[in-house]
Amino acid sequence: MLLPSKSIPSDQAMIAVGAQILVQLDEPGTVSAIWQRLVAWRQARSMPSAMPFWWFALSLDLLYATGAVSIRDGELTRGEHVS
């Protein structure tokens, strides 16, 4: 789940999705705005596998638990130590 495997493509492993989410956080945004940015970003790169919202949400949980993202005034931002 966290890392790619035979059943989880490399672009859908939570660690990869987390990195893709961090790319979208060049400026703060709501969860739905970040989701829309991520979907558009993945489509622009012709990523082969579709990703459901719940997988995105689990990846956000991972980022939040590690301090890579935080929530300020209802918007997601990069964590203090992530540049």
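The values are calculated or read from the model by the stated rules, or taken from the named source; none is laboratory data. Just so you know, these numbers come straight off a predicted model, no measurement behind them. Counting neighbours? That spans all protein chains shown, and the Cβs are built from the backbone with ideal geometry, glycine included. Ligands, DNA and RNA are excluded from the accessible area calculation, which covers all protein heavy atoms including side chains. Shrake-Rupley method; radii C 1.70, N 1.55, O 1.52, S 1.80 Å.
Out of all the residues in segment 55-82, which are more than 11 Å from the chain's Cα centre (by Cα) and open to solvent by 90 Å² or more (accessible area, probe 1.4 Å)?
Listed by number, the residues that qualify are ILE71, ARG72, ASP73, GLU80, HIS81.
Considering only residues that are in contact (Cβ under 8 Å) with a residue 40 or more places away in the chain, closer than 18 Å to MET14 by Cα and among the polar types (S, T, N, Q), which ones fall in segment 29-76?
SER49, SER59
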